[in-house]
Amino acid sequence: MKNKTAWFLSTWWAIILRPIYFYTVLPEEDWREKALTFLFINSWILAFAAALFVFFVQYAPIGKTLVQNISGFKFILILPVLIALAGVFFLITVLILGGFFVGAFFAMFYVVGLVLHYIYALLGGKGKLNKILQQSFYSSAVLIFALLIILLMFLTSYGLLGFSLFRAGFIIVYGLVLLYVYGLWAVAGRKTYAVSKPVAFIGALLPVIILLIFGVLFDKIALPVLQPWIS
């Protein structure tokens, strides 16, 4: 467990701080091995943080109303039951969100790898699908920055931020993450398909444009629906 944690942290820091070096020295291996494990770890970290948000913002207030008239020795008697129930609900939430995040992000980064492969092939590059999938999964390091959005959700739910500020923060974080992952995919494309720098950035544009459109639609349609739940 300790070795796995150390490997994850060192890999994450290398991708974020030295992406060109990381993709340059990265040995090719089956994308189902370390790269997929790295994606899954990022997804589960995000799921755990999201489950904490759901627990404290949704479950805890409900639980508080159930025991508000119970005090003293009676409360001590039922405390083990409350802790057990809280643990069960939290675990269920983690498993549900974890399954969803793992499936959704696996599909997203796999499709990104496929799209990049065929785009760079059309642009004259020569490389292996396995390698670009491997590098696409490693680019999931940017998912950790979504923890900032969950932090903003906590602050908004507890009245420390207005929803308009949360919305602005969401847009800024999403935009910066998108900009950074654009650079990662361009570097991955250049190292995999031996194309020039301009071609590498042109080739990485399509998935970024699609995610940008998704972000705009999410901001316009989904965020207003989620406002009562967040704030």
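The values are calculated or read from the model by the stated rules, or taken from the named source; none is laboratory data. All of these numbers come straight from a predicted model, not from anything done at the bench. We place every Cβ from the backbone using ideal geometry, glycine too, and count neighbours over all the protein chains shown. What goes into the accessible areas is simple: the full protein's heavy atoms, side chains included, and nothing from ligands, DNA or RNA. Shrake-Rupley method; radii C 1.70, N 1.55, O 1.52, S 1.80 Å.
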How large is the Rg to Rh ratio of the range 7-131 when both quantities use alpha carbon positions and Rh follows Kirkwood? 1.21
Quick calc, Y118 & F214: beta-carbon distance into FRET formula, R0 25 Å, rounding 0.05, result 0.80
Probe 1.4 Å, protein heavy atoms only - accessible area per residue of the chain in square angstrom: 56 Å²
Past the 18 Å Cα-Cα mark, which pairs from K4/K131; K34/K126; K4/K34; K126/K197? K4/K131; K34/K126
Residue farthest toward the positive end of the dipole of the range 1-118, with Cβ of Lys/Arg at +1 and Asp/Glu at -1: which of F53, P19, F100? F53
Report the extension gain between A222 and L52 in nm, rounded to one decimal, defined as 0.36 nm multiplied by the number of residues separating them, less their alpha carbon distance. 59.1 nm
Measuring from label point to label point, each 7 Å out along Cα→Cβ, what is the L155 to V88 span in nm? 3.7 nm
Kirkwood hydrodynamic radius of the range 1-71 from all distinct Cα pairs, in Å? 15.3 Å
Quick one: net charge of A204's neighbours, Cβ under 13 Å, K/R +1, D/E -1? +3
Between helix 2-17 and the chain, what is the angle of the helix's C-alpha long axis to the longest principal axis, kept within 0 to 90° and rounded to the nearest 10? 60 degrees
Work out the length of the dipole vector of the chain about its Cα centre, built from +1 on the beta-carbon of each Lys and Arg and -1 on the beta-carbon of each Asp and Glu, and round it to the nearest 20 debye. 260 debye
Quick one: length gained pulling K126 to I171 fully straight, 0.36 nm per residue minus the C-alpha distance? 12.6 nm
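Report, in deg cm²/dmol and to the nearest 500, the calculated mean residue ellipticity at 222 nm for the chain, where each DSSP H run with n ≥ 4 adds -39500 (n - 2.57) and the sum is divided by the residue count.
-26500 deg cm²/dmol
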Dimensionless Rg over Rh [the chain; C-alpha; Kirkwood]: 1.07
Based on the alpha carbon coordinates of the range 88-156, what radius of gyration and maximum Cα-Cα distance (Dmax) apply, in Å? 16.4, 54
For the range 146-217, convex hull of alpha carbons as volume per residue, Å³: 78 Å³
I'd like to compare 177-189, 83-95, 101-113, 151-163: which one has the highest average count of other Cβ atoms within 10 Å, and what's the full order after that? 177-189, 101-113, 151-163, 83-95
Given Cβ point charges of +1 (Lys, Arg) and -1 (Asp, Glu) and nothing else, what value in debye, to the nearest 20, does the dipole of the range 99-231 about its Cα centre take? 480 debye
